[in-house]
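What follows is one structure encoded as structure tokens, with my remarks underneath.
What follows is calculated from the coordinates using simple rules that are stated; it is not laboratory data. Keep in mind that this is a model prediction, so the values were computed, not measured. Cβ coordinates were reconstructed from backbone atoms using ideal geometry, including for glycine residues, and neighbour counts include every protein chain displayed.
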Amino acid sequence: MLPDWNSSPRISTAFTYRGLDAVLLENRSLRVVLLPEKGGDIVSLRDKRTDVDVLWHAPHNWSAPTARYLPSEPNSTWNDHYPGGWQTNLPNAGGEREIAGSAYGLHGESALLPWDATVTRADDEAVSVRLEVELVRYPFSVERELTLHADESKLRCSETVTNHGGVELDYVWQQHIALGPPLLAPDARLDVPAARGVVEDYGDGYPNRRLRSGAEFDWPNAPGHDGGEIDLSTDVPGQDAEIHDLAYAIDLSEGWYALTNPELNLGFALRFPTDPFESLWYWQPFGGYAESPFWNRTYNVGLEPTTAYPGDTEGQRTSGTMKTLAPGETVEAEFVAATYGGLSAVDSVSADGVVDGPPR
């Protein structure tokens with residue numbers, strides 16, 4: 001266990017992480033590390049009460065792009081440079097996409113670009129850093145501000161996306177958050193206020209599936225590939241599993257989710273706006289992601305608020321969830337990420353990130 005922190009929050013740009021410039025935000029409850037040179041990614045979110053980093057760390061030898069910042073292959077460019085953790089994905093999420101005069105691979109370009117970082121606040125009450133980037137193939141700029149207040153186990157994030165082009169453009173915006181062990185374990189529970197769920201239409205993909213391809217269901221009880229039902233709120237396989245699935249939680253009554261591990265006395269919750277983030281992607285590589293660069297070395301979940309579903313552009317248009325941004329228009333969103341203890345499950349996460357539920 002780390003000693004208790006009794007000083008004001010602090011922010012520092014004097015650190016490196018795997019050779020990349022890093023920004024550290026810290027108070028008595030949380031230590032957060034982000035990488036402006038790699039997509040503004042949050043690569044560590046450590047709960048200091050338990051000394052547990054709730055984010056998942058990818059096992060392969062990733063690096064930040066140094067020459068090619070755009071996805072040139074359907075999957076490999078984004079995955080090769082993926083550290084785990086938390087990314088902002090724009091202007092698409094999911095599979096490859098053709099655009100006028102060019103193309104995108106997996107998850108667009110924002111997480112592959114270097115972002116500019118500026119410390120905007122550093123006092124006894126809070127610390128903040130602003131991250132900014134202009135996309136290359138899309139005329140979008142993105143601004144992200146992260147704030148850590150004193151005496152809060154919450155990271156607050158605000159984001160804005162602006163279309164500087166002269167035409168209306170469609171987009172998908174995603175918070176790509178991967179959580180891993182020890183928070184993720186068979187004793188963990190996932191709570192999401194969703195009415196329905198949809199399983200990805202796998203085609204020839206996902207050979208290690210346990211869910212029925214393309215199934216629609218009442219959340220959280222998903223039809224199994226081999227029959228029966230899988231309760232996606234409680235049925236978390238162990239680290240010896242070889243399972244890989246993707247499902248979407250939809251018809252959200254509120255924008256939040258919580259992953260609770262009562263045995264660890266720790267949970268992670270995220271509050272997000274359902275307008276425009278109307279779906280939660282539930283990526284489930286429980287040791288069964290057999291393709292490069294993972295080779296069944298992944299045991300994690302991705303819990304990813306996203307403005308559209310499913311994972312392909314045509315499907316997103318068919319579902320009516322693809323969003324558009326007019327010339328000069330800006331869209332914005334606020335998120336609160338929180339760690340907590342003392343609960344066995346979660347009934348609510350307030351707009352201010354207050355987590356409530358039955359005691360452990």
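Each peptide in 41-49, 181-189 receives the mean, over its residues, of other Cβ atoms within 10 Å, and ordering these scores from highest gives 41-49, 181-189. For the peptides 97-107, 299-309, residues were scored by their other Cβ atoms within 10 Å and the scores averaged per peptide; the highest-first order is 299-309, 97-107. Of the peptides 206-216, 318-328, the order by per-residue mean of other Cβ atoms within 10 Å, starting with the highest, comes out as 206-216, 318-328. For residue 66 and residue 226, what is the calculated FRET efficiency with R₀ set at 41 Å and r taken between the beta-carbons, to the nearest 0.05? Computed FRET efficiency for residue 66 and residue 226: 0.35. Within the straight-line cut-off of under 22 Å between alpha carbons, the lysines reachable from residue 48 are 154, sequence neighbours fewer than 8 places apart in one chain being disregarded. Rounded, prolate or oblate: which fits segment 262-355 when a ≥ b ≥ c are the square roots of the eigenvalues of the alpha-carbon gyration tensor, with rounded for a/c under 1.5 and prolate only if a/b beats b/c? Here segment 262-355 falls in the oblate category.
Note on residue 360 and residue 319: their simple-model spin labels are 3.3 nm apart, each label 7 Å out from Cα toward Cβ. Projecting the Cα atoms of 197, 175, 219 onto the charge dipole of segment 171-230, computed from C-beta unit charges around the Cα centre, puts 175 farthest toward the positive end. Under the simplified labelling scheme, the residue 297-residue 240 pair shows an inter-label distance of 2.2 nm, with each label point 7 Å from Cα along Cα→Cβ.
Using R₀ = 30 Å, calculate the FRET efficiency as 1/(1 + (r/R₀)^6) where r is the Cβ-Cβ separation of residue 352 and residue 170; round to 0.05. It comes out at approximately 0.40.
Between residue 265 and residue 151, the simple spin-label model (points 7 angstrom out along Cα→Cβ) gives 2.2 nm.
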